[in-house]
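The values are calculated or read from the model by the stated rules, or taken from the named source; none is laboratory data. Treat the numbers as computed from the prediction; the structure is a model and nothing was measured. Quick reminder, even Gly has a Cβ in these numbers, built from the backbone with ideal geometry, and neighbours come from all protein chains shown.
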Amino acid sequence: MKLSLRTRVLTGAVAAAALSAGTFGAMSANATEPAAAPAAAVTADPANKNLQQSTHLTVAAATEAAQAALDAAEDENQRVTVAVVDRNGNTVVTLRGDGAGPQSYESAQRKAYTAVSWNAPTSELAKRLAQAPNLKDIPGTLFLAGGAPVRVKGAPIAGIGVAGAPSGDLDEKFAQAGVAALGK
């Protein structure tokens, strides 16, 4: 099917407007808090100015972090799910503990995504909802305690989310155990 020039231009304009609106929404969502340290985990490629290099967790490291979080929960007889996402919010590994509730799988992923997206623990982000209640409307996010960013030189490279314990504070404690395991 061949589209007319007018249709292609109109389609391009609509796509550009949607992209601009999405960018504006992301910028507005961050306006209530200053950004964290500059992204030291993303650097320009000196050999090619058109490329960037970024730091990522290996699957082995993500699995180690998830297992450490799950172990911390099991030590306290809690049944949880742990998710680790990369800098782009893509799931690297998910471990569902024995007896974890069905809601915990998606919740863990969304907490991890939220933590890496804002480079902050989700318990801190949940407090921001009072000033910016529309944050909760951003697709894929969950502003409940239980998510923690993994940082290199202050920049987020991954997020760990835990869900299923009776309180978000416990979920976040277990997520932080996963982050701590990477520091060893």
Practice problem: Could you please let me know if ALA148 is within 16 Å of THR63 (Cα to Cα) and in contact (Cβ under 8 Å) with a residue 60 or more places away in the chain? | Solution: no
Practice problem: Test each condition in (1) on the phi < 0 side of the Ramachandran plot; (2) touching a residue at least 12 places away in the same chain (Cβ under 8 Å); (3) out of contact with any Pro (no Cβ under 6 Å at 6 or more places or on another chain) for GLY140 and report the one that comes out false. | Solution: (1)
Practice problem: Out of ALA132, ALA100, ALA165, report the one residue that is among the aliphatic types (A, V, I, L, M) and closer than 18 Å to VAL179 by Cβ. | Solution: ALA165
Quiz prompt | Matching residues, the range 54-66, being surrounded by 11 or more Cβ atoms within 10 Å (Cβ to Cβ) and free of Cβ contacts under 8 Å to residues at least 40 places away in the same chain | solution = VAL59, THR63
Self-check item: Residue count, the range 104-125 (criterion: without any contact (Cβ under 8 Å) to a residue 40 or more places away in the chain and of a type in the set (A, V, I, L, M, F, W, C))
Solution: 1
Quiz prompt | All helices (runs of 4 or more DSSP H) inside the range 78-184 with 2 or more residues being in the same structural domain as ALA60 (by TED's automatic domain parsing), of a type in the set (Asp, Glu) and buried (at least 16 other Cβ atoms within 10 Å of the Cβ) | solution = 168-182
